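Reviewing the structure listed below.
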Amino acid sequence: MQLNTGNQRWLLDCGFGPEAHAQFNPAWLDGVDAVFITHDHIDHIGGASHVVEAGLPIYATAQTAKALPPAAVVRLLPEQGKTVIDGISLTTGRNGHAMGGVWMHFAMGDGLFYSGDWSEESDWFPFDLPPLAATAILDCSYHLDDVPQADRFAALDTLLDGLDGQVLLPVPPSGRAGEMALHLIRRYGVQSVMLDPECMTTLRAALSSGTLNQHVQEIAPLLDRSPMEQARFLICDTPNADGGAAWGYVRAWHESGRLGQDAHVVFTGHMTAHARGICSVPGGYFQRWNVHPPLRDQIKMLERLRAKRFAPAFCTQPEDYLIEDLGVEVFMHDLIRL
């Protein structure tokens, strides 16, 4: 999404996917002066190599910058605070979605709020309230779905209670890995959960960062367990089981005939074709874990911002919002001019 400031043109996030065929188009960088990245998930940061090749500066938090190519020209943003860029005040706050992830508020016109991905339901990531903004570009990944996290947890618990043997939960390590571990050890005990090395490394850094909710330290005992130990629940990278330890388990279980018998895979986020393929055979399941706002939180955000104009982002049918009574003007422009 491009933002024209009058003097410059900025690109807000530069991701691709999560489907393998959905690649970043370098043409999106034509005429762009700088790129702003909200967090380090591939659908927001995946095109960063093209940004580096174009020689453009990237504005991101220190945590997000760790995922950028080494040659990136980085301009650091605080997770909470204000930065003045080309005479425009940018306020950033923690987005409740990813390590180092932020929303962005640009002091342009009567205020522009860009959420990137966000969640107010996380028990792991903090969420900061944004300033008022008449124009809001909101994460609507769940479209008009209005199921709250409490109901998601209840459905997941029911599913897990009914599965015998081991359960693999593929996750993004910097996303829901930590809060999923927190939920599982509270319900089933520390000995029932194991993290793969990638998740261990990421969560060890997360616990030492001091930027998360205080009770995250409850998962600390998991970081001392050997990844070779047996456990009922395996929390592993990658989120669609198309790589990393997650794919290793799926392949081994399928080849040994365990998949669908005493070994199961439960996906909890957006599923690519690869993940959908696993779910099409016995042993594969899907149960959503909210990492984006349900409709009630989208509406609450518009009311909190006192927004007058609203653009639904990251959903396949944004036109559906035109018939919702949201009390704001809904617009569909890809290019925002203020």
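For the chain, 14, 199, 236, 279 stand unpaired, since no other cysteine beta carbon lies under 4.7 Å from theirs. Axis of helix 197-209 versus longest Cα principal axis of the chain: the two differ by about 50°, to the nearest ten degrees.
Against the main long axis of the alpha-carbon atoms of the chain, helix 295-305 sits at an angle near 30°. Computed from Cα atoms, the angle from the helix 244-256 axis to the main principal axis of the chain rounds to 40 degrees. Close amide-amide hydrogen proximity is noted between residue 93 and 103, each under 5 Å apart and 5 or more residues distant or on a separate chain (H modeled in the peptide plane; Pro and chain starts excluded). A 1.4 Å probe run over the protein chains yields, for the chain, 42 Å² of accessible area per residue, whole-number rounding.
Computed with a 1.4 Å probe on the full set of protein chains, the accessible area for residue 103 sits at about 10 Å².
Straight-line reach from residue 66: taking Cα to Cα under 17 Å and skipping same-chain neighbours fewer than 8 places apart, the aspartates and glutamates in range are 13, 40, 43, 79, 198.
Taking every DSSP beta bridge that has both ends in the chain, the antiparallel portion is near 30%.
Find the centroid of the Cα atoms in the stretch 42-88 and in the stretch 160-234, then give the distance between the two in whole Å. Cα centres, the stretch 42-88 to the stretch 160-234: 29 Å.
Shown is the FRET efficiency for residue 128 and residue 86, computed with R0 = 22 Å from the Cβ-Cβ distance and rounded to the nearest 0.05: 0.40. Debye-formula intensities of the stretch 114-179, expressed as log10 I(q)/I(0) at q = 0.13, 0.15, 0.26, 0.27 Å⁻¹, are -0.54, -0.69, -1.39, -1.40 (one equal scatterer per alpha-carbon, no solvent).
The calculated FRET efficiency for the pair residue 201 and residue 7, based on their C-beta separation and a Förster distance of 41 Å, comes to about 0.50.
Treating each Cα of the chain as an identical point scatterer and summing with the Debye formula, the log10 of I(q)/I(0) at q = 0.07, 0.08, 0.09 Å⁻¹ comes to -0.29, -0.38, -0.49. Ligands, DNA and RNA left out, the 1.4 Å accessible surface of the chain is 51% carbon and sulfur atoms. Within straight-line reach of residue 82, meaning a Cα separation under 18 Å, sit the following aspartates and glutamates at least 8 residues removed in sequence or on another chain: 110, 128. Result for the chain in a Gaussian network model with C-alpha springs under 10 Å: among 70, 130, 78, the largest mean-square fluctuation is at 70. Computed as a quarter of the hull surface, the mean projected area of the alpha carbon convex hull for the stretch 166-239 stands at 4.2 nm².
The values are calculated or read from the model by the stated rules, or taken from the named source; none is laboratory data. The model shown is predicted, which means the values in this text are computed figures rather than measured ones. No Cβ is skipped: glycine too gets one built from the backbone with ideal geometry, and neighbour counts run over all protein chains shown. Accessible surface areas use protein heavy atoms only, side chains included; no ligands, DNA or RNA. Shrake-Rupley method; radii C 1.70, N 1.55, O 1.52, S 1.80 Å.
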